[in-house]
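The values are calculated or read from the model by the stated rules, or taken from the named source; none is laboratory data. Note that the coordinates shown come from a computational prediction; the quantities given were computed from them, not determined experimentally. Heads up, the Cβs are rebuilt from the backbone with ideal geometry, glycines too, and the neighbour counts pull from every protein chain shown. The area values use the complete protein model at the heavy-atom level, side chains included, leaving out ligands, DNA and RNA. Shrake-Rupley method; radii C 1.70, N 1.55, O 1.52, S 1.80 Å.
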Amino acid sequence: MSPPCFVANWKMNKGIAEAESYLYALEKHTAQQMDTPLSKIDFAETILAPPFTALSFVSEFLKQSSLRVDLAGQNVHYGGEGAFTGEIAPSMLREVGCRYVIIGHSERRQIFGETDPEIHEKLDAIVKCDLRPILCIGETLQERKDGKTWAVLERQLSEAFGEILQGHGTPENISEWIIAYEPVWAIGTGQTPTPGDVASVHRKVRECLCQGLKKGRPRILYGGSVNETNIETFMKEKQIDGVLVGGASLSADKLIKIIERGTAVKRA
Ligand code: PGA
């Protein structure tokens with residue numbers, strides 16, 4: 001079984017000073033309890049996605065610390081280096097120590113008008129740069145009410161993955177990729193689908209991937225109003241490999257509780 005995975009997406013929050021106190025809080029907790037899932041000797045995978053301006057600082061901090069935490073960019077541009085004012089290239093994310101990049105988040109799709117073909121270009125560019133995608137997919141409330149959930153998810157998946165889902169050249173490290181199912185209506189609202197609903201969506205995603213991929217499959221996380229009180233109900237579902245957390249991850253204490261409670265459920 002691959003270790004449960006916890007992604008903390010800070011979105012446009014926390015400068016360097018706040019990032020520092022947050023990391024100290026995680027570290028203090030790890031020092032007090034050596035077998036915490038955040039430490040190098042335990043088995044959960046934790047991924048922090050700070051804003052671009054804090055990435056370098058967080059990366060340097062992690063190098064000196066006993067925390068076992070990977071880094072993700074929250075977005076990326078698909079071009080190489082060049083005249084793209086305000087954008088960040090995959091190679092730059094790698095240089096500051098990122099292992100992952102979030103792509104297709106609903107805030108990027110809805111607020112910034114990102115399209116499926118652009119998300120495909122991004123996936124392509126980050127994989128070429130030896131980064132791993134955290135691909136977000138999810139339906140809006142209206143799409144759900146109209147019974148279009150699966151049609152939307154299937155389109156988002158197949159457009160982002162492109163040829164890979166038609167059985168062409170499954171990447172070697174595909175089991176290190178991540179898909180996050182995040183219903184748009186559950187993000188930041190306090191509303192969630194039932195864990196059973198999430199599990200049945202994940203099962204369909206998995207089936208769809210298994211048809212297209214020659215071997216291996218990405219992990220599938222759930223995201224949308226996950227917090228320290230509902231984490232166990234989601235993690236009890238075998239189909240859910242982990243969670244992507246926004247709001248609740250802004251508090252180091254809450255993130256620790258989410259990771260510890262979520263990991264305990266997977267171990268039981
Ligand atoms: P939330 O955000 O946990 O605040 O709902 C999740 C996300 O946007 O990925």
Might you check whether a residue that is within 14 Å of the ligand (Cβ to nearest atom) and either on the phi < 0 side of the Ramachandran plot or not in a helix (DSSP H, G or I) (or both) occurs anywhere in the range 203-218?
-> no
Taking the range 155-192, which residues are touching a Leu at 6+ places or on another chain (Cβ under 9 Å), outside any loop (DSSP other than H, G, I, E, B) and in contact (Cβ under 8 Å) with a residue 60 or more places away in the chain?
-> Ile178, Ala180, Val184
In the range 104-139, anything polar (S, T, N, Q) and without any contact (Cβ under 8 Å) to a residue 12 or more places away in the chain is listed as Thr115
Flag if Val101 is free of Cβ contacts under 8 Å to residues at least 40 places away in the same chain and in a strand (DSSP E or B) = yes
Residues of the range 145-164 being open to solvent by 30 Å² or more (accessible area, probe 1.4 Å) and at pLDDT below 85, in sequence order, are Glu163
Under 6 Å between Cβ atoms, at least 6 apart or on separate chains: pull out the pairs that start in the range 234-253 with a residue that is under 17 Å from Leu38 (Cα atoms) and end on any residue that is more than 15 Å from the ligand (Cβ to nearest atom) and open to solvent by less than 20 Å² (accessible area, probe 1.4 Å).
-> Asp241/Arg219; Gly242/Pro4; Ala252/Tyr22; Ala252/Leu26
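Rundown of residues vs (1) under 19 Å from the mean Cα position of the chain (by Cα); (2) surrounded by fewer than 18 Cβ atoms within 10 Å (Cβ to Cβ), yes/no style:
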residue	(1), (2)
Gln166	no, yes
Gly196	no, yes
Tyr222	yes, no
Glu232	yes, yes
Asp241	yes, no
Taking the stated definitions as given, is Thr170 within 12 Å of the ligand (Cβ to nearest atom), hydroxyl-bearing (Ser, Thr, Tyr) and either under 24 Å from Asp116 (Cβ atoms) or at pLDDT 95 or above (or both)?
-> no
